[in-house]
Number of protein chains: 2
Amino acid sequence: MIAWKNLDTTAAYAKLQALKDHVKLQDAMSGESGAKRVKEYSVPMAGGLSYNYAAKQVDAEVLAALKDLADEMQLTEKYAALYNGEVINTGEKRLVLHQLTRGQLGENVIADGVNKREFYVAQQEKAAAFAKKVHAGEITNAAGEKFTTVVQIGIGGSDLGPRAMYLALENWAKQNGCFKMQARFISNVDPDDAASVLKDIDVAHSLFVLVSKSGTTLETLTNESFVKDALKNAGLNPAKHMVAVTSETSPLAKSSDYLAAFFMDDYIGGRYSSTSCVGGAVLSLAFGPDIFARFLDGAAEEDKLAKNPDLLKNPAMLDALIGVYERNVQGYPATAVLPYSQALSRFPAHLQQLDMESNGKSVNRFGEPVDYVTGPVIFGEPGTNGQHSFYQLLHQGTDIVPLQFVGFRKNQAGMDVNIQGSTSQQKLCANVAAQIMAFACGKQDENPNKSFAGGRPSSIIIGDQLTPEALGALLAHFENKVMFQGFVWNLNSFDQEGVQLGKVLAKRVLAHDTDGALKEYSDLLDI
Amino acid sequence: MIAWKNLDTTAAYAKLQALKDHVKLQDAMSGESGAKRVKEYSVPMAGGLSYNYAAKQVDAEVLAALKDLADEMQLTEKYAALYNGEVINTGEKRLVLHQLTRGQLGENVIADGVNKREFYVAQQEKAAAFAKKVHAGEITNAAGEKFTTVVQIGIGGSDLGPRAMYLALENWAKQNGCFKMQARFISNVDPDDAASVLKDIDVAHSLFVLVSKSGTTLETLTNESFVKDALKNAGLNPAKHMVAVTSETSPLAKSSDYLAAFFMDDYIGGRYSSTSCVGGAVLSLAFGPDIFARFLDGAAEEDKLAKNPDLLKNPAMLDALIGVYERNVQGYPATAVLPYSQALSRFPAHLQQLDMESNGKSVNRFGEPVDYVTGPVIFGEPGTNGQHSFYQLLHQGTDIVPLQFVGFRKNQAGMDVNIQGSTSQQKLCANVAAQIMAFACGKQDENPNKSFAGGRPSSIIIGDQLTPEALGALLAHFENKVMFQGFVWNLNSFDQEGVQLGKVLAKRVLAHDTDGALKEYSDLLDI
């Protein structure tokens, strides 16, 4: 029997509170102790990755308390409830099934009268068949010419995840002979976004993927109209250039305005939709369905690892609990995501949504206010760029910000240069190794301005190369981490009521139904 | 006589501490009171902008205390000392002269035997003349063909600011007939960054701008070699495709490897260099020197406003002090920068460096530890994208994050579409107005999960359009805000010793001179 309860009602949490500042990283990471930690504090992930937490402020005692918390919170059982189809999204009374888009983790899930795994696979196959026809020149523009560009029109989860995944594999695909079509993305309701993309592409050879689960997302429908105007102005028939990704019940589903429609459903949250057709359509068109399938395989393998009840063999659960320790015991307000990989340039923006939209909440899953802090601020940029930018604060600022590094032994594009005795790739890797140690151990200097206090915790996910499998594993790892943290904080991580009020007020502004300060702001902005 | 002193030694700070939670935004921003605040709490900026702080947690009493603090901290006098050429960067014993790159604010500054204003102007004129020759086809590639692309090679301040400025004006320039050359940027030592840019451009018609003040930045020199290899492999002479932006004393300054060299000096910090030749060369090549000059004019006008000793007429000082109130009295750990303008997509990344690298410090300008928090974490993405992403946490999370909005009445590209009775631009503006009110006032709902507590402070900078002048004003505003905050926190905002340790350790890794944990990490990463 699962008991949903608040973090501060558990015995493990009380024990954990007593372990504040228990590990002094400066000592733990020095000398033999440090070497031993790097070797031992490592968990295998899927896709050839591993999660190394040597430079986190944990030791056997803290880990034992975290294990107690995981058990007391029934994290394994709650995960099983989720993938077996319980109504985990209680606010919206929905199942949470994104893991089913990439594999069958438990029992068959039957909802709306269908086997949901079969439903998702069928949609993937439909998108795959469509992509293959586009690549083969069987689906073309009206002039019978091949499409060369795919443009995703979506916002939030229909944009950030798929965009980050596309950028992550673009150079890999080019290098490995599976780059089929370039992809672009239109998201912002700022008309300059769509205008800029449209100026840059060849619309006559572009296929547009309109993504909106409800079929009513105002930004997305506005940008669709923008694109349709551009197509018409170029003498083209929009219906020959557009496909829809939506739910079966949406107004877009059966419209003749689209060449095809691929379906998702209410059980896939936007920020968890990269492995559904929301990511599947654009990524299959860009790289081919086989590459998308490899990406799904990486995610599915990682999902399986998250089932392990042994905390020390479950990278997502471990990462989640260390994060809870940092947030609720150590009191750190933010986390920086720092991939040492240019291909992951937009991955931090995706994680920012995934994490902050899922767990940036103040009431528990029963609607009761919680008395502890929940999701942190998430931000990040690729290293080494960040080193020459905001790392100053991370090293010497007054607040401690835990760090999530990601690094790969090999680059993607296969080009490199040897300068001063080392390649760029070696320099990249040397920097991330150096940063971990600089943050952990610091360095005293007689000039206090040149002193580094250290004691700044980090973990690193290390892989051989950013392949489709590795990317899938990376994505699923963080989805599962956020899920486990939501369980610990007793939140519903799968709704987003906090975005509603702004929408309601924006409609009132557009209807000129305002007074007071809102009317004044509207006037200032000439609305 | 200027007294440099810690914030917590001032009488005004003690008074301010007593004003914690003094203004209840939910009340202040409601009804007539809210309308009055929006009208009154506004300060003109340069470039047609205004700074509106109606939705900040201030009132006459808090503002009076902030004014006392500004006076007691001698902010106006410290700014004057800076622009008149005192050694404000005490750690590195340097003047701080970026304002001189765009105007003469005070006395002539003579250093290294030259009038520095004249020096910066001469370098700008040299870059302008060079750009004009490139545009006129007087400086061409070896085949006598015009250059069509300019690629900046730099990292940190040599990348983020210029890149953000380029993106901010790209569509405006296209729309206004002054787009001369496309610009691209290579920064990361990850070889995939340079490889990706080089695959995407026509190297035979590309001019590369190598930016390194010292001439020794490892990432930048590595990327230069990468580019030189690519040029040689294409049968081209690198010396005919490269210019340098560096200091006169650097090894790059007099090298025959470059078509030309434009100089900066030690008095321009990297993150403050967008208005020097670091931004000037690439922006003059991309848009023409006249546009760059207009950008400088906007910045110069804004710098003048920052001289005003009347806090309520000095937008940068006011913004700075409200930020100190939020950080040190209210205890907020982060600030989000949210431009409702796609053109400002990388402006938050620039501000992240500017702010966190300047004021992310724990010792004062004399090297003594301070007992109060200093610079916050800065992050952000353009609206409306953020609304569909991390705004959930901003509205309903357990921590309060102050918000900096930016909005413009008109878009840049001149294309728009009318859907459901309003244009995209109107929807964009309606959203930012709505968000300010939703954050400030919140809304009670009988379902606690749909309740918004409100009380989340924001300010907005509003402009007519993002023109070169407006962009210059925006840039200078934040530079001056950060400077004033550094004065209040008694920091040296112009060095960055926190980036050094990582560099030292990375060199040791590359030299295989490691043991303990660092050696283990190096092994894991195959270095």
Considering residues that are surrounded by fewer than 24 Cβ atoms within 10 Å (Cβ to Cβ) and either within 7 Å of chain A (Cβ to nearest Cβ) or aromatic (Phe, Trp, Tyr) (or both), the number found within segment B:411-420 is 5
Checking A:ASP310 against (1) surrounded by 24 or more Cβ atoms within 10 Å (Cβ to Cβ); (2) over 16 Å from A:ALA46 (Cα atoms); (3) of a type outside the set (Gly, Ala, Ser): exactly one of these is not met. Which one? (1)
Counting only residues that are of a type in the set (D, E, K, R), farther than 17 Å from B:PHE295 by Cα and out of contact with any helix residue (DSSP H, G or I) (no Cβ under 8 Å at 6 or more places or on another chain), segment B:95-125 contains a total of 3
(1) crowded, with 24+ Cβ neighbours inside 10 Å; (2) more than 23 Å from the chain's Cα centre (by Cα): which one isn't true of A:GLY360, the others all being true? (2)
B:MET437 fails exactly one of (1) hydrophobic (A, V, I, L, M, F, W, C); (2) assigned to a helix (DSSP H, G or I); (3) at the interface with chain A (Cβ under 7 Å from one of its Cβ atoms); (4) closer than 27 Å to B:GLY156 by Cα, namely (4)
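Filtering segment A:136-152 down to residues that are assigned to a loop (DSSP other than H, G, I, E, B) and in contact (Cβ under 8 Å) with a residue 60 or more places away in the chain, which residue is surrounded by the most Cβ atoms within 10 Å (Cβ to Cβ)? Write out each step before concluding.
As a first pass, look at segment A:136-152 and keep what is assigned to a loop (DSSP other than H, G, I, E, B): A:137-148.
Filter once more, keeping what is in contact (Cβ under 8 Å) with a residue 60 or more places away in the chain: A:139, A:141-143, A:145, A:147.
Numbers: A:ILE139: 18, A:ASN141: 18, A:ALA142: 12, A:ALA143: 9, A:GLU145: 11, A:PHE147: 21.
Per the criteria, the residue is A:PHE147.
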B:LEU344 fails exactly one of (1) more than 7 Å from every other protein chain (Cβ to nearest Cβ); (2) out of contact with any Phe, Trp or Tyr (no Cβ under 8 Å at 6 or more places or on another chain); (3) closer than 27 Å to B:LYS450 by Cβ; (4) surrounded by 24 or more Cβ atoms within 10 Å (Cβ to Cβ), namely (3)
Out of A:ALA316, A:ALA281, report the one residue that is touching a residue at least 12 places away in the same chain (Cβ under 8 Å) and more than 20 Å from A:SER187 (Cβ to Cβ). A:ALA316
If A:SER522 meets every condition in (1) within 7 Å of another protein chain (Cβ to nearest Cβ); (2) touching a residue at least 60 places away in the same chain (Cβ under 8 Å); (3) hydroxyl-bearing (Ser, Thr, Tyr) apart from one, which number is that one? (2)
Can you tell me which of (1) of a type in the set (Val, Ile, Thr); (2) farther than 25 Å from B:ILE153 by Cα; (3) touching a Phe, Trp or Tyr at 6+ places or on another chain (Cβ under 9 Å); (4) within 9 Å of chain B (Cβ to nearest Cβ) is the one A:THR384 doesn't meet? (2)
If you go through A:GLN485, A:GLN500, the only one that is closer than 22 Å to A:SER50 by Cβ, among the polar types (S, T, N, Q) and not in a loop (DSSP other than H, G, I, E, B) is A:GLN485
Are any residues in segment B:165-184 surrounded by fewer than 24 Cβ atoms within 10 Å (Cβ to Cβ) and within 11 Å of another protein chain (Cβ to nearest Cβ), and if so, which ones? B:LEU167, B:GLU170, B:ASN171, B:LYS174, B:GLN175, B:PHE179, B:GLN182
Taking segment A:445-461, which residues are at the interface with chain B (Cβ under 7 Å from one of its Cβ atoms) and in a loop (DSSP other than H, G, I, E, B)? A:ASN447
Pairs where the first residue, in segment B:88-99, is among the basic types (Lys, Arg) and the second is assigned to a loop (DSSP other than H, G, I, E, B), C-beta under 6 Å, 6+ apart: B:LYS93/B:VAL87; B:ARG94/B:ASP266; B:ARG94/B:TYR267
Do we find that B:PRO339 is within 18 Å of the chain's Cα centre (by Cα), under 21 Å from B:SER458 (Cβ atoms), more than 10 Å from chain A (Cβ to nearest Cβ) and touching a residue at least 40 places away in the same chain (Cβ under 8 Å) in this structure? no
If you scan segment B:45-81, which residues turn out to be of a type outside the set (Ser, Thr, Tyr), surrounded by fewer than 22 Cβ atoms within 10 Å (Cβ to Cβ) and within 30 Å of B:PHE295 (Cβ to Cβ)? B:GLY48, B:GLU77, B:LYS78, B:ALA80, B:ALA81
Checking A:GLY48 against (1) touching a Lys or Arg at 6+ places or on another chain (Cβ under 9 Å); (2) within 23 Å of A:VAL406 (Cα to Cα); (3) not acidic (Asp, Glu): exactly one of these is not met. Which one? (1)
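Determine, yes or no, whether B:ALA517 is outside any strand (DSSP E or B) and either farther than 30 Å from B:LYS361 by Cβ or within 9 Å of another protein chain (Cβ to nearest Cβ) (or both).
yes
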Every pair of residues 6+ apart whose Cβ atoms lie under 7 Å, when the first sits in segment B:488-503 and is under 16 Å from B:GLN353 (Cα atoms) and outside the structural domain of B:ALA320 (by TED's automatic domain parsing) while the second is among the aliphatic types (A, V, I, L, M) and at pLDDT below 95: none
Starting from segment A:20-47, keep only residues that are facing chain B (nearest Cβ under 9 Å), then list their pairs with residues that are surrounded by fewer than 21 Cβ atoms within 10 Å (Cβ to Cβ) and part of a helix (DSSP H, G or I) whose Cβ atoms are within a distance under 6 Å, requiring at least 6 positions of separation or different chains. A:GLY31/B:GLY516; A:GLY34/B:GLY516; A:ALA35/B:GLY516
Please identify the pairs in which a residue from segment B:418-439 that is touching a residue at least 60 places away in the same chain (Cβ under 8 Å) has its Cβ atom under 6 Å from the Cβ atom of a residue that is among the β-branched types (Val, Ile, Thr), counting only partners at least 6 apart or on another chain. B:LEU428/A:VAL189; B:CYS429/A:ILE527; B:ASN431/B:THR384
Total residues in segment B:498-514, condition more than 7 Å from chain A (Cβ to nearest Cβ) and buried (at least 21 other Cβ atoms within 10 Å of the Cβ): 1
So which helices (runs of 4 or more DSSP H) stay within segment B:13-80 end to end and still have 3 or more residues that are within 29 Å of the chain's Cα centre (by Cα)? B:31-40, B:60-72
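Residues in segment B:395-410: is at least one part of a helix (DSSP H, G or I) and more than 7 Å from chain A (Cβ to nearest Cβ)?
Scanning segment B:395-410, I find no residue that is part of a helix (DSSP H, G or I) and more than 7 Å from chain A (Cβ to nearest Cβ), so the answer is no.
Could we say that A:ASP464 is more than 7 Å from chain B (Cβ to nearest Cβ), free of Cβ contacts under 8 Å to residues at least 40 places away in the same chain and out of contact with any helix residue (DSSP H, G or I) (no Cβ under 7 Å at 6 or more places or on another chain) here?
Taking the combined requirement at face value, the residue does not satisfy it.
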Regarding segment B:354-365, can at least one residue be identified that is assigned by TED's automatic domain parsing to the domain that holds B:ASN52, within 30 Å of B:LEU167 (Cβ to Cβ) and without any contact (Cβ under 8 Å) to a residue 60 or more places away in the chain? yes
Being assigned to a loop (DSSP other than H, G, I, E, B) and buried (at least 16 other Cβ atoms within 10 Å of the Cβ) is the filter here, so list the residues in segment B:107-127 that pass it. B:VAL109
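The values are calculated or read from the model by the stated rules, or taken from the named source; none is laboratory data. As the structure is a prediction and not an experimental result, all values here were calculated from the model. All Cβ positions, glycine included, derive from the backbone under ideal geometry; neighbour counts span all protein chains shown.
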